[in-house]
Amino acid sequence: MAERVFAMPDLGEGLEEGRIVRWLVAEGATVELNQPLVEVETAKAVVEIPSPFAGVIQALHGSDGEDVPVGRPLVTFEVTGGAVAYHAMVSVDQPSSGPVPATPPVRKLAKELGVDIQTVRGTGTHARVTEEDVRSAAEGVNVTEPFRAELGVSPLPVVVAALCRVATDHPLINARWSSEAILAANAINVGLAIDTQRGLVVAVIHDAQALGIAQIAAKSTRLAEGARAGSLTPNDIAGATIAVSNTGSYGSEAGTPILAPGTSVTLAVGVIADRALVVDGQVVARPAATLSLTFDHRVLDGAAAGRALTELVDLLQSDERLRDLPR
Amino acid sequence: MSDEPEHGAGTEPVRILAPDGSPVGDADVGLSPEELRELLRWMVLARRLDRECVALQRQGELTVYPGFEGQEAAQVGSAFALGQLDFVWPTFRELAVALVRGVDAVQYLQYHRGTWHGGPYDPRATRFGPICIPIATQLPHAAGYALGQRLDGSDAVTMAYFGDGSTSEGDFHEAANLAGVWRLPMVLFCQNNGWAISLPSSEQTAGEIWRRAEGYGFPGVRVDGNDVLAVHRATARALERARRGDGPTLIEAMTYRIGAHSTADDATRYRDDAEVERARAADPIARFRSWLLAAGHADDRFVTACEEQADAFALEVRTGVIATPAPPAEWMFDWVYADPPPSLGRQRDEALG
Ligand SMILES: Cc1ncc(C[n+]2csc(CCOP(=O)(O)OP(=O)(O)O)c2C)c(N)n1
Ligand SMILES: [Mg+2]
């Protein structure tokens, strides 16, 4: 024997009370599960409330014509049988214990490559397992293994990693304008401007702030190949929060690229070539490049953009700070 | 036709069993006696669960629930004809179809409990798409899916459910037009239950829905939606046609919504009790049961067993629904935007304290 209190439910969609029209049972009566208890009128309808328990009616709270707010006790029962069991019979999948998030093509790829997708750590949005993650897992690439050959990558991945570091301290360069507010993005999704036969494609390295230089290099290679082959997925070209254009790759000294939708900053990396630079009072030949920033003035002023750019230049010129970047 | 609801006027629907259960057409629809019994079992189960769901809403365990009493034959008869890989795009009233597809009822009802958006069942595994509240929006999705099925080289068919009211939406037209132009492997299954909430179908559509198919360049058929055999045969033929590559079919199943539009609706405010009584006389379960018994395919013991199973099932689902925990409230905010706008952040802080 256990006492149960049944409260006035919300009988419509967002109703606040119900009026007791008439009781269909008396105190002391024995009722079955779903036996009509009371007629209640709401703003929407007159309905019969069936009993949620099998048991004996101990008390009816309220008399005919009375308004009872939603949530206030309506009937107290002494529950007899086990007609209604308050324990789980069916377990419902919760995402925490359920399948890892991944799109069907990625699942298919995992199957093809013999990778158990449940064991793959996702680096995509909301820890989604990406195609890249599956390929890495398939190759047994240990992404945390130190990337030894520092010069084994092109300069671009280093610039991207440095840019991510700077964006962490200068969130406005990784933000976008909306009518309501300036929205600073949580993730740094770096769009790479890639020249293809069919024109410019901006492919995106998602969550670049969480990647080492080697991973950035691998991703940009894959994205560039995909862009040229026309095999990028919609996700590969969506969600950029900041962009980099390697204008130097076709020989330009500097560039003023147009902003990709959703971004406020594009960094143009000019051609790297020997220049006459002044070092310790001497003019010497040194490899150098011009970095230019296109930015959305609504989001950040010239001063803020300039500070971020100077910070980036400092980082790229400091051997010590470069070595501190995630590899 | 005084014994029919008003919306049944016009073209006589294709019928195998008369309302009293006597056969008026060829009752051999290619189902074995065991399969015929299954049809009854599903219909009894579905109605029992439907009533339990209404009770659960009245007890505060579901937030709102759209009942389908009266539409069991239309739903079970059509769903039973589907192949394993055929894909269903439902509205919000196809719980009986979901059951036949093998969707877990407790998971399905998470939607109506308000603990999940769309229900946590897996649409890919069950081949039953997410519950769709915005009227007719599932139809263009279905057409796109049917195109995908063909591009995949699959012979599976897309089954799109919708109501009479849905046919007033532009989405219906766009989907039907694409289905026709591209000869999509698709069946457009309309349950004409006489009402779109409080609007009778006579005020919704001046013509007959099944006839519209002609304009789209494919066949249409009006079938007695309370005759499970007729529904099954019409659906099986339409599926077969789509599977052969001959394109879509529009089926208008004439049925009736016995209950209110949903638990938040009071149908007595806009329709006659007499109309409901007439519809009850055309009850799909009583009709099929009496034919099944008369044809010797089942006996009273079987019928009783069906009812007992349905009671046990309803109790099991009730227990499962009540036991389902609410997910963490922050999920409401966490899974909508990749980068939540500040206003949502403020709501989140307010809601979570
Ligand atoms: C786009 C849209 N408009 C309006 C509504 C509100 N609404 C919910 S159900 C319904 C009537 C649908 O009628 P019908 O298609 O005949 O389906 P039934 O409810 O009879 O199963 C309406 C108008 C909605 N959900 N979506
Ligand atoms: Mg309708």
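Any residue that is in a strand (DSSP E or B), touching a strand residue (DSSP E or B) at 6+ places or on another chain (Cβ under 8 Å), within 22 Å of B:Arg113 (Cβ to Cβ) and within 13 Å of another protein chain (Cβ to nearest Cβ) - is there at least one of those in segment A:30-39? Reasoning before the result, please.
Start the filter on segment A:30-39 by keeping residues that are in a strand (DSSP E or B), which leaves A:30-31, A:36-39.
When the remaining residues are screened for being touching a strand residue (DSSP E or B) at 6+ places or on another chain (Cβ under 8 Å), the result is A:30-31, A:36-39.
Right, trim to within 22 Å of B:Arg113 (Cβ to Cβ) and you get A:37.
Right, trim to within 13 Å of another protein chain (Cβ to nearest Cβ) and you get A:37.
Within segment A:30-39, one or more residues are in a strand (DSSP E or B), touching a strand residue (DSSP E or B) at 6+ places or on another chain (Cβ under 8 Å), within 22 Å of B:Arg113 (Cβ to Cβ) and within 13 Å of another protein chain (Cβ to nearest Cβ).
Which members of segment B:76-94 meet the condition of being within 16 Å of ligand 2 (Cβ to nearest atom) and either over 16 Å from B:Thr255 (Cα atoms) or of a type in the set (Ser, Thr, Tyr) (or both)?
Step one: of segment B:76-94, the residues within 16 Å of ligand 2 (Cβ to nearest atom) are B:78, B:90-94.
Listed by number, the residues that qualify are B:Ser78, B:Pro90, B:Thr91, B:Phe92.
Which one of these does B:Pro248 not meet: (1) touching a residue at least 40 places away in the same chain (Cβ under 8 Å); (2) under 22 Å from B:Arg93 (Cα atoms)?
Going through (1) touching a residue at least 40 places away in the same chain (Cβ under 8 Å); (2) under 22 Å from B:Arg93 (Cα atoms) one by one, B:Pro248 breaks only (2).
Taking the stated definitions as given, is A:Thr294 within 22 Å of A:Ala181 (Cα to Cα) and open to solvent by less than 40 Å² (accessible area, probe 1.4 Å)? Walk me through how you get there before you give the answer.
Working: within 22 Å of A:Ala181 (Cα to Cα): yes; open to solvent by less than 40 Å² (accessible area, probe 1.4 Å): yes.
So A:Thr294 fits the description; yes.
For segment B:252-272, which residues satisfy the criterion of being open to solvent by 20 Å² or more (accessible area, probe 1.4 Å), of a type outside the set (S, T, N, Q), within 14 Å of chain A (Cβ to nearest Cβ) and more than 14 Å from ligand 2 (Cβ to nearest atom)?
Those that are open to solvent by 20 Å² or more (accessible area, probe 1.4 Å), of a type outside the set (S, T, N, Q), within 14 Å of chain A (Cβ to nearest Cβ) and more than 14 Å from ligand 2 (Cβ to nearest atom): B:Asp266, B:Arg269.
Which of the following residues is open to solvent by 30 Å² or more (accessible area, probe 1.4 Å), charged (D, E, K, R) and modelled with pLDDT under 75: A:Glu78, A:Glu139, A:Glu131? Show your work before the answer.
On the way: A:Glu78 fails: modelled with pLDDT under 75; A:Glu131 fails: modelled with pLDDT under 75.
Only one candidate passes the filter, namely A:Glu139.
Please give the number of the condition B:Asp164 fails out of (1) within 11 Å of ligand 2 (Cβ to nearest atom); (2) on the phi > 0 side of the Ramachandran plot.
Failing condition for B:Asp164: (2).
Suppose we keep only residues that are within 8 Å of another protein chain (Cβ to nearest Cβ) and touching a Leu at 6+ places or on another chain (Cβ under 7 Å) within segment B:331-353. Which one would you say is surrounded by the most Cβ atoms within 10 Å (Cβ to Cβ)?
B:Asp339
Return yes when B:Phe288 is farther than 29 Å from B:His112 by Cα and either among the small types (Gly, Ala, Ser) or more than 21 Å from the chain's Cα centre (by Cα) (or both) and no when it is not.
The answer is no for B:Phe288.
Can you name the condition, by its number, that B:Thr205 falls short on among (1) of a type in the set (Val, Ile, Thr); (2) away from ligand 2 (no atom under 16 Å from the Cβ); (3) farther than 17 Å from B:Gln71 by Cβ?
(2)
Results for (1) more than 20 Å from B:Thr324 (Cα to Cα); (2) touching a strand residue (DSSP E or B) at 6+ places or on another chain (Cβ under 9 Å); (3) open to solvent by 20 Å² or more (accessible area, probe 1.4 Å), shown as yes or no for each residue.
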{"position": "B:Glu12", "(1), (2), (3)": "yes, yes, yes"}
{"position": "B:Arg15", "(1), (2), (3)": "yes, yes, yes"}
{"position": "B:Gly21", "(1), (2), (3)": "yes, no, no"}
{"position": "B:Asp26", "(1), (2), (3)": "yes, no, yes"}
{"position": "B:Glu35", "(1), (2), (3)": "yes, no, yes"}
{"position": "B:Leu40", "(1), (2), (3)": "yes, no, no"}
{"position": "B:Leu49", "(1), (2), (3)": "no, no, no"}
{"position": "B:Arg58", "(1), (2), (3)": "no, yes, yes"}
{"position": "B:Leu62", "(1), (2), (3)": "no, no, no"}
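Does B:Phe68 satisfy being surrounded by 22 or more Cβ atoms within 10 Å (Cβ to Cβ) and within 16 Å of ligand 2 (Cβ to nearest atom)? Walk me through how you get there before you give the answer.
Working: surrounded by 22 or more Cβ atoms within 10 Å (Cβ to Cβ): yes; within 16 Å of ligand 2 (Cβ to nearest atom): yes.
Here the answer is yes, as B:Phe68 does meet what is asked.
Among the residues that make up segment B:276-285, is at least one of them more than 28 Å from B:Pro19 (Cα to Cα), assigned by TED's automatic domain parsing to the domain that holds B:Ala160, surrounded by 17 or more Cβ atoms within 10 Å (Cβ to Cβ) and among the charged types (D, E, K, R)? It would help to see each step written out before you state the result.
At the first step, the residues of segment B:276-285 found to be more than 28 Å from B:Pro19 (Cα to Cα) are none.
So far as segment B:276-285 goes, no, none of its residues is more than 28 Å from B:Pro19 (Cα to Cα), assigned by TED's automatic domain parsing to the domain that holds B:Ala160, surrounded by 17 or more Cβ atoms within 10 Å (Cβ to Cβ) and among the charged types (D, E, K, R).
Against the conditions (1) within 14 Å of another protein chain (Cβ to nearest Cβ); (2) modelled with pLDDT of 95 or more, where does B:Thr63 fall short? Just the number, please.
(2)
Across segment B:303-330, what is the number of residues that are surrounded by 14 or more Cβ atoms within 10 Å (Cβ to Cβ) and either assigned to a loop (DSSP other than H, G, I, E, B) or within 10 Å of another protein chain (Cβ to nearest Cβ) (or both)?
12
So B:Leu49 passes all but one of these: (1) away from every other protein chain (no Cβ under 14 Å); (2) of a type in the set (A, V, I, L, M); (3) in contact with a Phe, Trp or Tyr (Cβ under 9 Å, 6 or more places away or on another chain); (4) under 17 Å from B:Phe313 (Cα atoms). Which condition number does it fail?
Condition (1) is where B:Leu49 drops out.
Could you identify the single residue in B:Gly170, B:Gly148, B:Gly165 that is surrounded by fewer than 17 Cβ atoms within 10 Å (Cβ to Cβ), without any contact (Cβ under 8 Å) to a residue 40 or more places away in the chain and within 12 Å of ligand 1 (Cβ to nearest atom)?
On the way: B:Gly148 fails: within 12 Å of ligand 1 (Cβ to nearest atom); B:Gly165 fails: surrounded by fewer than 17 Cβ atoms within 10 Å (Cβ to Cβ).
So the residue among B:Gly170, B:Gly148, B:Gly165 that is surrounded by fewer than 17 Cβ atoms within 10 Å (Cβ to Cβ), without any contact (Cβ under 8 Å) to a residue 40 or more places away in the chain and within 12 Å of ligand 1 (Cβ to nearest atom) is B:Gly170.
Among the strands (runs of 3 or more DSSP E) lying completely within segment A:160-245, list those that include at least 1 residues that are touching a residue at least 60 places away in the same chain (Cβ under 8 Å) and buried (at least 20 other Cβ atoms within 10 Å of the Cβ).
Details: elements: A:175-177, A:182-184, A:190-196, A:199-205, A:242-245.
Ranges flagged: A:175-177, A:190-196, A:242-245.
Give the residue that is surrounded by the most Cβ atoms within 10 Å (Cβ to Cβ), with candidates limited to residues of segment B:190-225 that are within 16 Å of ligand 1 (Cβ to nearest atom) and of a type in the set (D, E, K, R). Working first, answer last.
Within segment B:190-225, the first condition is being within 16 Å of ligand 1 (Cβ to nearest atom), and the residues that meet it are B:190-210, B:212, B:222, B:225.
Among the residues that remain, those that are also of a type in the set (D, E, K, R) are: B:203, B:208, B:212, B:222.
On the way: B:Glu203: 10, B:Glu208: 16, B:Arg212: 19, B:Arg222: 24.
Here the answer is B:Arg222.
Starting from segment B:316-344, take each residue that is free of Cβ contacts under 8 Å to residues at least 12 places away in the same chain and list its partners that are among the charged types (D, E, K, R) and surrounded by 14 or more Cβ atoms within 10 Å (Cβ to Cβ), counting only C-beta distances under 8 angstrom and pairs at least six apart or across chains.
If the second residue must be among the charged types (D, E, K, R) and surrounded by 14 or more Cβ atoms within 10 Å (Cβ to Cβ), the pairs left are B:Pro340/B:Arg348.
Could you tell me whether segment B:242-251 includes any residue that is within 21 Å of B:Gln138 (Cβ to Cβ), surrounded by 24 or more Cβ atoms within 10 Å (Cβ to Cβ), within 16 Å of ligand 2 (Cβ to nearest atom) and not basic (Lys, Arg)?
Yes, segment B:242-251 has at least one match.
If a residue counts only when it is touching a residue at least 24 places away in the same chain (Cβ under 8 Å), more than 29 Å from the chain's Cα centre (by Cα) and closer than 29 Å to A:Gln215 by Cβ, which strands (runs of 3 or more DSSP E) contained entirely in segment A:257-327 have at least 1 such residues? Let's see the steps before the verdict.
Numbers: elements: A:265-269, A:273-279, A:282-288, A:291-295.
Output list reads A:291-295.
If you check B:Met159 against the conditions, is it away from ligand 2 (no atom under 16 Å from the Cβ), under 22 Å from B:Gly70 (Cβ atoms) and assigned by TED's automatic domain parsing to the domain that holds B:Ala105?
Numbers: away from ligand 2 (no atom under 16 Å from the Cβ): yes; under 22 Å from B:Gly70 (Cβ atoms): yes; assigned by TED's automatic domain parsing to the domain that holds B:Ala105: yes.
Answer is yes for this residue.
If you check B:Val157 against the conditions, is it open to solvent by less than 10 Å² (accessible area, probe 1.4 Å) and out of contact with any Ser or Thr (no Cβ under 8 Å at 6 or more places or on another chain)? I'd like the intermediate steps shown before the answer.
Working: open to solvent by less than 10 Å² (accessible area, probe 1.4 Å): yes; out of contact with any Ser or Thr (no Cβ under 8 Å at 6 or more places or on another chain): yes.
It is true that B:Val157 is open to solvent by less than 10 Å² (accessible area, probe 1.4 Å) and out of contact with any Ser or Thr (no Cβ under 8 Å at 6 or more places or on another chain).
Would you say B:Tyr121 is within 14 Å of chain A (Cβ to nearest Cβ), more than 16 Å from ligand 1 (Cβ to nearest atom) and in contact (Cβ under 8 Å) with a residue 12 or more places away in the chain?
Details: within 14 Å of chain A (Cβ to nearest Cβ): yes; more than 16 Å from ligand 1 (Cβ to nearest atom): yes; in contact (Cβ under 8 Å) with a residue 12 or more places away in the chain: yes.
Here the answer is yes, as B:Tyr121 does meet what is asked.
The values are calculated or read from the model by the stated rules, or taken from the named source; none is laboratory data. Everything numeric in this text was worked out from a predicted model, so none of it was measured. Every residue, glycine as well, gets a Cβ built from its backbone with ideal geometry; the counts of neighbours run over all protein chains shown. Ligands, DNA and RNA are stripped out before the accessible areas are found, and what is left, the full protein with its side chains, is counted by its heavy atoms. Shrake-Rupley method; radii C 1.70, N 1.55, O 1.52, S 1.80 Å.
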